[in-house]
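Structure first, commentary second.
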Amino acid sequence: MYNSSARLKAFEVQIVRNETVMADIETIASLAKRRGFAFQSSDIYGGLGSVWDYGPLGVELKNNVKRAWWRAVVYERDDVVGLDAGILMNRLVWKYSGHEETFSDPLVDCRKCKSRLRADKIEDKCPVCGSVDLTPPRQFNLMFRTTVGPVEDESGLAYLRPETAQGIFVNFKNVLDSTNRKLPFGVAQIGKAFRNEITPGNFIFRTREFEQMEIEFFVKPPDALSEGELTDEEWHERWIEDRLNWYISLGMRADNIRKHEQELLAHYSKRTVDLEYRFFPDREDEEKQWDELEGIANRTDFDLKAHSKKPVDAEGKRLNPDSIADQTFFDHATNQHLFPYVIEPSAGVDRSVLAFLMDAYHEEEVRGEKRIVLKLHRDLAPIKVAVLPLARNKEGIVNLAKEIKSRLQRTGAMRAVYDDTAGIGKLYRRQDEVGTPLCITVDHQSLEDNEVTIRDRDTMEQERVPIAEIETIIGKKLGLAVGS
Ligand code: ATP
């Protein structure tokens with residue numbers, strides 16, 4: 001009898017060589033373009049060197065990263081709620097947050113080749129032409145300006161937010177009053193942020209439009225603690241560990257992520273620890289391979305105080321004469337109004353996407369051929385299952401494959417696709433390259449025994465399973481509550 005599952009097996013043989021060399025950003029950018037993860041913005045007009053558009057697979061991956069984060073920091077905890085604030089805000093937000101005055105980078109110009117450079121990122125010569133003829137550094141504010149309303153003058157001046165955090169601080173009272181929360185509690189937000197970076201680059205690592213995932217976690221200040229309550233410093237430690245473990249729980253290799261104590265603290269910070277990823281594995285100097293993935297700061301009570309009508313200076317003059325809010329929390333235990341401290345884990349969506357892609361990238365040799373495989377965690381994989389017919393000109397096989405795809409899609413729990421545009425070997429390779437954890441192959445025998453072959457991305461092992469139970473079997477393999 002014609003045994004198509006035996007034929008399938010012939011395509012997959014043992015992995016001969018498993019490369020552990022890490023991919024660099026360029027390799028990932030090229031894969032991203034080829035397979036539809038991310039494209040240069042406005043490509044057909046020569047591009048805009050600081051913005052990237054996420055393609056069909058990129059948008060799925062990005063959504064999965066955001067969903068995994070939201071699940072971990074909102075749904076799986078009892079002490080964090082969500083928020084989605086506007087990108088445009090009253091200009092006064094940025095006045096009192098300190099951004100108008102201090103959100104800037106030191107800019108220098110190279111007099112020889114006219115490059116604009118960030119003074120703190122270069123040594124004393126131009127990295128483009130090598131000239132030492134540089135202007136003295138001057139501060140360049142990174143906020144994008146726009147005007148609100150039909151008149152383009154200073155009165156309508158507004159900024160595109162350079163961070164999502166301030167949207168949370170100015171809603172502190174609203175959240176508190178509408179949810180009856182007690183300290184400690186946090187507010188989580190995901191959204192776009194904009195920075196007119198002097199030197200954007202390295203694919204989606206540093207762009208002018210990007211997305212952030214931020215939590216402001218409000219805790220009691222040190223002088224209001226009751227017996228047994230955690231201090232702001234202890235909460236800070238907890239969040240550092242929780243956030244580090246989140247990346248590792250999603251498959252990131254522990255030797256590619258590390259904690260880094262920030263020495264140069266921002267004006268609002270008591271202590272900041274960055275989580276750094278090995279974004280530049282190709283650099284010879286180990287120390288230079290690392291860069292920031294997420295910053296976790298203890299911002300003390302700086303922001304809530306800055307946006308509050310209450311605090312006064314030595315002469316009794318209000319520090320913020322514009323705010324109408326008292327941003328304090330009334331603590332029943334100590335019978336006093338107090339300004340909470342805040343712990344801020346602030347992550348970049350795009351940098352997380354890049355780190356997960358770099359970490360998942362593997363090149364292996366299978367029967368003398370190179371296999372590129374993205375070993376993405378199943379929760380992050382853009383496509384969970386691909387259903388592939390072994391013969392695209394056999395109506396029975398094609399229909400059965402399409403029906404299985406629809407059944408999986410109807411579970412509402414996953415992105416499934418149908419593909420018959422190449423031979424099975426090639427179809428497997430295509431799915432490997434974009435990280436699809438499972439392929440289902442429908443063959444001639446399926447029509448007779450009502451079974452299909454499931455093939456695992458990482459081990460390339462195959463097993464026959466009954467079509468009748470496909471939702472439950474796939475759901476179980478993907479860790480989803482489906483069909484049971
Ligand atoms: P950097 O030192 O790299 O400029 P930062 O310290 O200014 O970053 P934060 O203000 O702490 O960054 O922002 C929190 C997170 O937002 C960063 O850890 C990063 O993941 C992300 N992020 C910040 N700026 C950008 C950018 N220009 N492009 C992409 N992601 C960014």
Just checking, does the range 281-304 include any residue being among the aliphatic types (A, V, I, L, M) and more than 16 Å from the ligand (Cβ to nearest atom)? yes
When you go through Glu448, Glu433 one by one, which is the residue that is of a type in the set (Asp, Glu) and under 24 Å from Ile28 (Cβ atoms)? Glu433
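For every residue, the table says whether it meets (1) touching a residue at least 60 places away in the same chain (Cβ under 8 Å); (2) within 16 Å of the ligand (Cβ to nearest atom); (3) surrounded by 19 or more Cβ atoms within 10 Å (Cβ to Cβ).
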| residue | (1), (2), (3) |
| --- | --- |
| Ser308 | no, no, yes |
| Gly316 | no, no, no |
| Asp326 | yes, no, no |
| Phe330 | no, no, no |
| Ile343 | yes, yes, yes |
| Ala347 | yes, yes, yes |
| His362 | yes, no, yes |
Within the range 364-377, the count of residues that are surrounded by fewer than 23 Cβ atoms within 10 Å (Cβ to Cβ) and not in a strand (DSSP E or B) comes to 4
Which of the residues belonging to the range 208-224 are surrounded by fewer than 24 Cβ atoms within 10 Å (Cβ to Cβ) and within 13 Å of the ligand (Cβ to nearest atom)? Arg208, Glu209, Phe210, Glu211, Gln212, Met213
Which of the following residues is more than 10 Å from the ligand (Cβ to nearest atom), in contact (Cβ under 8 Å) with a residue 24 or more places away in the chain and more than 13 Å from the chain's Cα centre (by Cα): Gly186, Gly191, Gly201? Gly186
Flag for Ala158 being under 18 Å from Ser97 (Cα atoms), near the ligand (Cβ under 10 Å from one of its atoms) and in contact (Cβ under 8 Å) with a residue 24 or more places away in the chain: no
Hits in the range 183-199 (condition: of a type in the set (A, V, I, L, M, F, W, C) and assigned to a strand (DSSP E or B)): Phe185, Val187, Ala188, Ile190, Ala193, Phe194
Matching residues in the range 438-459 (in a loop (DSSP other than H, G, I, E, B) and either under 36 Å from the mean Cα position of the chain (by Cα) or not assigned by TED's automatic domain parsing to the domain that holds Glu395 (or both)) number 3
Pick out, from the range 79-128, the strands (runs of 3 or more DSSP E) lying fully within it that include 1 or more residues that are touching a strand residue (DSSP E or B) at 6+ places or on another chain (Cβ under 9 Å), in the same structural domain as Pro321 (by TED's automatic domain parsing) and modelled with pLDDT of 90 or more. 80-83
Residues in the range 52-65: is at least one assigned to a loop (DSSP other than H, G, I, E, B) and surrounded by 15 or more Cβ atoms within 10 Å (Cβ to Cβ)? yes
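The values are calculated or read from the model by the stated rules, or taken from the named source; none is laboratory data. Quantities reported herein were computed from a predicted structural model and do not represent experimental measurements. No Cβ is skipped: glycine too gets one built from the backbone with ideal geometry, and neighbour counts run over all protein chains shown.
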